[in-house]
Structures are given as C-alpha cells and as structure tokens.
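Let me begin by presenting the structure, written as structure tokens, before commenting on it.
The values are calculated or read from the model by the stated rules, or taken from the named source; none is laboratory data. Note that the structure is predicted; figures quoted are calculated from it, not measured. Cβ coordinates were reconstructed from backbone atoms using ideal geometry, including for glycine residues, and neighbour counts include every protein chain displayed.
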Amino acid sequence: MQQPPISRRGFVAGASALGAATVFAPQALANGLAGRRAPTLRGGRFPEGIMSGDPTPRAITLWTRLAGVGGRGSVELEVARERSFRRVVARELIGTSGRLDHAVKARVGGLDPYEEYFYRFSTRTRSSPVGRFRTALPPDSRQPVKFAFFSCQDWTFGFFHAHRFLAEEDVDFVVNLGDYIYAEAYHSKGSKSGGVRTDRVGLATSLQDYRDKYRLYRSDRNLRAVHANFPLISIWDDHEVLDNYAGSLGDGGLDEAFKFTRARRDRAYRAYFDSMPTYDGSGPGKRIYRAARFGRNVDLVLLDQRQYRGDQPCGDKQVGDPCPEVDARNPLLGRRQMGFLKKRLASTPAAWKIIANQTMVERTVYPGGQWIGFDSWQGYRRERTELLRHLKQRRIRDVVFVTGDIHTFIAGDVRLNDDDKVPVATEFVGGSISSQGLGEGGAGLIPGADPRNPKTPENIKNLLRQANPWVKDADFDHHGYGLVTAGRGSLKCTFRRISTTKRRSVKRLPDRPFSYRLKRGQRSLL
C-alpha cells in the first residue's frame, strides 16, 4: 500500500524529534540543487522503484528517480525504524532537476550498525514504494555474513525470473558483478536466436539512451523487488558501455564500425552513477574499485576490469592458440588498482578475502588445447601471475573470487600454473540472470546448442572437464545467482538455479550438487 506523503508542516514539526542521523546529497550540491533552496515538487511517479547501496555500519546510500515532472525542485527523503514510519530517524529535502534526469540520491549517516531501516521518497502529492535495508556489521562482529551475487541480465534473451527468488532470500546485501544493462540489443521477441523481449531503446549511444536502458531494465518488477529488499554493492563490466571495450584506449580496442569514443564511454559512466546507489570514488576517471569490511569474517574487494585495461590480445578471438601478446606488459587492472588490491589482501585481518571480479581467473581451455577467450585474466598473463604469486608468496589464505561475465555456473580451483597441485584461491562463477549461456549457443562453442531448450550432452561436458581439470562442477544450461554465507570457520556457496528464462512459469532447481562448503585453510574444492 502506498504511504501518504508527509506534509510540509509535518516536516518542520518533526525535524527536532529526529535522531543523530545525517543526510548528504553531493550530486545535488554540485549542481546547485540544495534541497531547501528548491521548491518541493508536485505529482510525479517512481517507476524504477527505490534502491539502497554501499552499506557500512553507520551509513547507506539511497536512490530513486522521479518521472512525470519538469524543471528543478526537491523530493523528500525519510528513513525510519519501522515500516509504519512512526520513528523517523532522518528526513531531508533532496534537490534534483532535468540535468540529473530527476535522479534523487543521498548518503545517510549516523545510523546504528547491523540494524534494519525503512525509507521512502515523496513529492507533495505522491510517495514512492517503501524500501528496507540493513546496515553493515560492526568491525568486531563475529556474526556470519550472508550475501548474494549476480551478473549479466540481457533484457532481450530471457525473463528475470531469478530475481523473483533472490528477492525472497535472507541476505545482508547483494553484489552486482556487472553487465547490469546491455548497451546493445541482441535479440527481439520471438526471434530464432531465442529472444523473449524487445529492447525499445536499441543500441545506446547518447547519455539519454544509457539512462533509458536503466529505466527499461527496472520496468521488471522482480528486479525492483530485489532492490527494495536489499542494499546493492555494484561494479560494472563491458556492456554498461559497449561489448569488450578496453577503457584505456581512445578507440576502445574496437573496430571503427563500433564507433567507440572516450566521450561515449564517459556518457555511459555518467548514466551509471546517475542510476545507481553509489558515488564515484577518488582517483583518475570514475573510480569504482574499492573495499568494504563486514565484521571479522569478510573483507569484500571490488574490482574494475574495464576502465584501465589495455587491448585484448590475440585479436580477441573466441577460441584460439595463445600468441606472444599474452605475455606483454598489458594492463587489466593497471598499476594503481593492482597495488590497492595487493595491499588490501596482505593487510586485512578478515577471515575471508572475497574478491568481486568481472572475468574468470581460472583458465578456460577448449578440448585440444586452444584457449577459450582472451579478454579474461588468462589473456593478461603478467598481471594474473603477479596477483596469484602475491597470494602464494605472502601466504594469503582463504581468498575466494566471486565472478560473472561468462554466463555459466562454475566452481573450481585457481592455480598459479596449470600443473600445480596446490591452488592459491577458490572461484565461484555465478551464471547469469538471463544472458545467453554456452548451452544456449553463446559464443558458438557447443555444437547443436538450442537457445530455447538447452541440454549440453554429457560427452561434451566430460571433454571440457578433461581440458580444465581445475574445475569441479559446471552448468552450461541454466540461469540464476550465487548465495554465500561466510562464518569464522567456514564459507558456504550455493548456486541458485532456475528451470528456464523463456516461459512465464518457472521453478527453482535443487541446490545439490551445486552447493559447496570451504573450511578455513582448505586449499581445494576437488
């Protein structure tokens, strides 16, 4: 039920009764839109719902976007301890305008650690849905940390059924590993390629195109439900800008036909920050690599493998033999980010070092010895070796990569060298929400793959297992997300898989055998 907006008189009367929470809206301030200077807007709608993000023990970022209004003005934000909003702890007017695409975003501080709060946005006559969030655990907490991770949600290829089940989980937060939107429109409804929905925006090139992509994706009620229930911690991959772009290069490492420019990249980055409950960090460009502690059990390190990377080697072939370029001094993370990552991993006292990672760290090899893909870590061998050697030489244990990008569920060991007996880390690749998997014809790697009824033959699975002996399990045919519980003595990861993305009716598949438990100090899943 929609909550009635609070009156201006109620705002003034209630302000002195609030707790110590504070509200800061740097985007509004930077655009000269301090809330009390702008009149409160009337009417409008909140079709994208509401979002929370980047939780810490004392703070959270809250976001919405208003539609159906014009000009500049302010929107009221309330944060309370109950869904009824009887005990409001923060209330503030946040300025917005067409220049911000009427996005409304604020950082709320002064909250209590690991507490549940509720929030909403209001104009004078309309209110948003009510959202909830939980702040992060305090640094000394021994309580287990529960979170989900997902990636790769192509609007055109499948319905977002996985989000329906994710919205019902009991987790502290959700991690987006990238490809939240697709700048491209690969399929259309009813197409032979397996499309189920048509992307009315088409190929995004302008700032408004990219903003409209976020609008389109959030027209899905299952995705909105996830955002209403849990804080989001987000990184991007390539499709937020353009497929397989290399962000450090003026042409993106792409053919001229793709029309990549740095201006286009920057428009996509701006749309991302306009549309997500996060702020760009310090440093060159728009920084998204960062880290967050959750009690004594988890240090979450989030990477950016697009903005600073050099060109993909070996012609960026889908399958091929390695060329000398894989050993070149070609950046994936770049020196500043690599230094940040290595220092954080070596210094954190957390039980589990979890790296939110866009592309696979495990090697991917086709039967016969050719490599599958060159835009993942294996195509940037110098930096891969540097990072994994750092883990080995510094004896950094209990490192877990949670990974997206490849549209496949994979659990396995991360080895410095292929023939090593002892791995240096573990990797869980969480499938995709809807993007085309290998068993559906993705990348053209599996002969006879059916985009509507995927069923990878066992003999092909066995051949791939033999070529990739560090992989314990893989599912090429289904979609879903990963679910992690990290405690002091062990970490559990389960792949939540769904039956199909093609039909409106759907069921969740059994967790077994795709559920794994690591004990502290355990070196291998095999």
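Scanning segment 3-50 for residues that are part of a helix (DSSP H, G or I), surrounded by fewer than 16 Cβ atoms within 10 Å (Cβ to Cβ) and modelled with pLDDT under 50 turns up R8, R9, G10, V12, A13, G14, A15, S16, A17.
Confirm whether V196 is part of a loop (DSSP other than H, G, I, E, B) and buried (at least 18 other Cβ atoms within 10 Å of the Cβ). When the stated conditions are applied, V196 passes them.
Here is the figure for segment 58-79: residues that are buried (at least 19 other Cβ atoms within 10 Å of the Cβ), part of a strand (DSSP E or B) and either among the aliphatic types (A, V, I, L, M) or modelled with pLDDT under 95 (or both) total 5. May I ask you to list the residues in segment 504-526 that are touching a residue at least 12 places away in the same chain (Cβ under 8 Å) and more than 30 Å from G487 (Cβ to Cβ)? Answer for segment 504-526, where residues must be touching a residue at least 12 places away in the same chain (Cβ under 8 Å) and more than 30 Å from G487 (Cβ to Cβ): R504, V506. The single residue among L416, L391 that is touching a Pro at 6+ places or on another chain (Cβ under 9 Å) and of a type in the set (A, V, I, L, M) turns out to be L416.
Where strands (runs of 3 or more DSSP E) fall entirely within segment 435-526, those with at least 1 residues that are touching a helix residue (DSSP H, G or I) at 6+ places or on another chain (Cβ under 9 Å) are at 471-475, 479-486, 490-498. Filtered by the rule that a residue be over 27 Å from the mean Cα position of the chain (by Cα) and not aliphatic (A, V, I, L, M), segment 58-80 gives G68, G70, G71, R72, G73, S74, E76. Looking across segment 409-424, the residues that are over 21 Å from the mean Cα position of the chain (by Cα) and of a type in the set (A, V, I, L, M, F, W, C) come down to V414, L416, V422, V424.
A quick yes/no check of all residues on (1) touching a residue at least 40 places away in the same chain (Cβ under 8 Å); (2) under 25 Å from the mean Cα position of the chain (by Cα); (3) on the phi < 0 side of the Ramachandran plot:
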| site | (1), (2), (3) |
| --- | --- |
| I355 | yes, yes, yes |
| Y366 | yes, no, yes |
| G369 | yes, no, no |
| L391 | yes, yes, yes |
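Listed conditions (1) at positive phi; (2) touching an Asp or Glu at 6+ places or on another chain (Cβ under 9 Å) are all met by F374, apart from (1).
Residues in segment 340-395 that are of a type in the set (G, A, S) and surrounded by fewer than 17 Cβ atoms within 10 Å (Cβ to Cβ): A346, S347, G368, G369. For segment 287-309, which residues satisfy the criterion of being part of a loop (DSSP other than H, G, I, E, B) and under 22 Å from the mean Cα position of the chain (by Cα)? I288, Y289, G295, N297, L303, D304, Q305, R306, Q307, Y308, R309 - these are the residues of segment 287-309 that are part of a loop (DSSP other than H, G, I, E, B) and under 22 Å from the mean Cα position of the chain (by Cα). When E427 is tested against the conditions (1) of a type outside the set (S, T, Y); (2) in a strand (DSSP E or B); (3) surrounded by fewer than 20 Cβ atoms within 10 Å (Cβ to Cβ), the lone failure is (3). If we keep just the residues of segment 250-265 that are in contact (Cβ under 8 Å) with a residue 12 or more places away in the chain and over 10 Å from T205 (Cα atoms), which is surrounded by the fewest Cβ atoms within 10 Å (Cβ to Cβ)? Checking each candidate, the answer is G250.
If you go through segment 414-424 and keep only what is in contact with a Leu (Cβ under 7 Å, 6 or more places away or on another chain) and either surrounded by fewer than 21 Cβ atoms within 10 Å (Cβ to Cβ) or assigned to a helix (DSSP H, G or I) (or both), you end up with just L416. Check whether at least one residue in segment 92-101 is under 25 Å from the mean Cα position of the chain (by Cα), under 25 Å from R270 (Cβ atoms) and in contact (Cβ under 8 Å) with a residue 12 or more places away in the chain, and report yes or no. Looking through segment 92-101, at least one residue is under 25 Å from the mean Cα position of the chain (by Cα), under 25 Å from R270 (Cβ atoms) and in contact (Cβ under 8 Å) with a residue 12 or more places away in the chain.
With respect to being among the β-branched types (V, I, T) and either surrounded by 24 or more Cβ atoms within 10 Å (Cβ to Cβ) or at positive phi (or both), V145 fits the description.
Within segment 136-166, the only residue that satisfies the criterion of being touching a Leu at 6+ places or on another chain (Cβ under 9 Å), part of a loop (DSSP other than H, G, I, E, B) and of a type in the set (G, A, S) is S151.
Regarding G247, is this residue of a type in the set (G, A, S), within 30 Å of A103 (Cα to Cα), surrounded by 19 or more Cβ atoms within 10 Å (Cβ to Cβ) and without any contact (Cβ under 8 Å) to a residue 40 or more places away in the chain? Criteria not met by G247. Only one entry of K519, K472, K507, K455 meets the criterion of being surrounded by fewer than 14 Cβ atoms within 10 Å (Cβ to Cβ), over 30 Å from S188 (Cβ atoms) and not small (G, A, S), and that entry is K519. The condition of being assigned by TED's automatic domain parsing to the domain that holds K317, charged (D, E, K, R) and modelled with pLDDT under 95 holds for only one of D266, D255, D299, D280, that being D280.
Would it be correct to say that R465 is surrounded by fewer than 21 Cβ atoms within 10 Å (Cβ to Cβ), closer than 28 Å to Q522 by Cβ and not polar (S, T, N, Q)? Criteria met by R465. Counting only residues that are basic (K, R) and touching a residue at least 24 places away in the same chain (Cβ under 8 Å), which one in segment 201-238 is surrounded by the fewest Cβ atoms within 10 Å (Cβ to Cβ)? The extreme case among them is R215.
Screening V319 with (1) hydrophobic (A, V, I, L, M, F, W, C); (2) buried (at least 21 other Cβ atoms within 10 Å of the Cβ); (3) in contact with a strand residue (DSSP E or B) (Cβ under 7 Å, 6 or more places away or on another chain) gives one miss only, at (2).
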